[in-house]
Amino acid sequence: MRAMLLVNPKATTTNARTRDVLIRALGAAVELTVEQTGYRGHAATLASTARAKGYDVVAVLGGDGTINEAVNGLLNPVDETAVAPAADPSAGRPAVIVIPGGSANVFARALGLPNDPVEATGAVLEALRENRRRTVGLGQALWNDQSRYFTFCAGMGYDAEVIRAVEGLRGSGHKATPTRYVNTALRHYLATDKRQPAMTLTGPGIPAVEGVFMAIVSNTSPWTYLGSKPIHPTPWASFETGLDLLGLQRMGPIALLPLIRQILTERDSLPSGKHLVQLHDESEFTLTARRPVAFELDGDYLGERESVTFRSTPNALQVLV
């Protein structure tokens, strides 16, 4: 089995010694080629090359951003009809191995992998020996003649603004710790205009909803982690169904505090409240804003957008897990 391992040398939770150990362990199990990412978007280029050259597996040692790039490299550049049977699109692409190396590692943890990269490597080596695979669906966001896939979440509005602020802090040399996310979210909340909701939700067979401040789009649950604590705004979302959405039409403390309690403590039941907009297992919907609003995919800030359509992509990837 031929595998290409994409290594992000700046991954938050690994060092050179750990990476060497993991590379040797994988190299003993497969015919391994190792490539380091050097710039934003490099993982997508490398993954696309691996697919074009007929590799069986693309492994990723890095955080959610590196994984997202690799997934997009596997799906975007190739003519799908030429290589992928319609009944199972994932069969025409290399399988994916995920080794968590970032600060959150939401995709890896949602797959049931340990958050520790060494323990996760042990789990995927077992999956390799047993050829144990899981086929998962992805989400896709489309805007201004562009598209990008996401593995676990997307967002428009307040949550994307927080991610933008944290990315700015990371660019100044600060680490993206759970405490920093919480403090940034609190500071940003105090500065948020809570009187001017910008977005409208529409979709096939979906009644239009106006006055949305913030929207979380989920391809699985949990949405993210606060340290070791999973956060479940859309607890029914899964890799085997369509997309889910939680939207907020109010941002005041009376509306927000009960929601925070619910998504932190209730794992199986939907959040409740008249100010909430909720969708489950939808194939497509669109968020349109009166003004440009912040937009993120898989925790990666992608600028401000006025309209984004979200689609479910079933059976997109095979993951060794």
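The values are calculated or read from the model by the stated rules, or taken from the named source; none is laboratory data. On a predicted model such as this, the values are computed, not experimentally measured, just so you know. When we count neighbours, we look across all protein chains shown, and the Cβ atoms used for this are built from the backbone with ideal geometry, even at glycine.
Listed here are the strands (runs of 3 or more DSSP E) enclosed by the stretch 1-100 that have at least 2 residues being modelled with pLDDT of 95 or more and within 17 Å of the chain's Cα centre (by Cα): 57-62, 95-100. Picking from residues in the stretch 121-153 that are touching a Leu at 6+ places or on another chain (Cβ under 8 Å) and in a helix (DSSP H, G or I), the one that is nearest to Val7 (Cα to Cα) is Thr121. Restricting the first member to the stretch 43-63 and to residues that are under 20 Å from Gly101 (Cβ atoms), and the second to residues that are surrounded by fewer than 16 Cβ atoms within 10 Å (Cβ to Cβ) and small (Gly, Ala, Ser), no beta-carbon pair is closer than 9 Å while six or more apart or on different chains.
When the residues of the stretch 147-170 are filtered to those that are touching a helix residue (DSSP H, G or I) at 6+ places or on another chain (Cβ under 8 Å) and among the aliphatic types (A, V, I, L, M), the one that is surrounded by the fewest Cβ atoms within 10 Å (Cβ to Cβ) is Leu169. Every listed requirement among (1) over 19 Å from Phe107 (Cα atoms); (2) surrounded by 18 or more Cβ atoms within 10 Å (Cβ to Cβ); (3) at pLDDT 95 or above; (4) among the small types (Gly, Ala, Ser) is met by Ala208 save one, (2). Pairs, please: C-beta under 7 Å, at least 6 apart or cross-chain, first residue without any contact (Cβ under 8 Å) to a residue 24 or more places away in the chain and in the stretch 292-321, second aromatic (Phe, Trp, Tyr)? Every condition considered, the pairs that remain are Gly303/Phe295; Glu304/Phe295.
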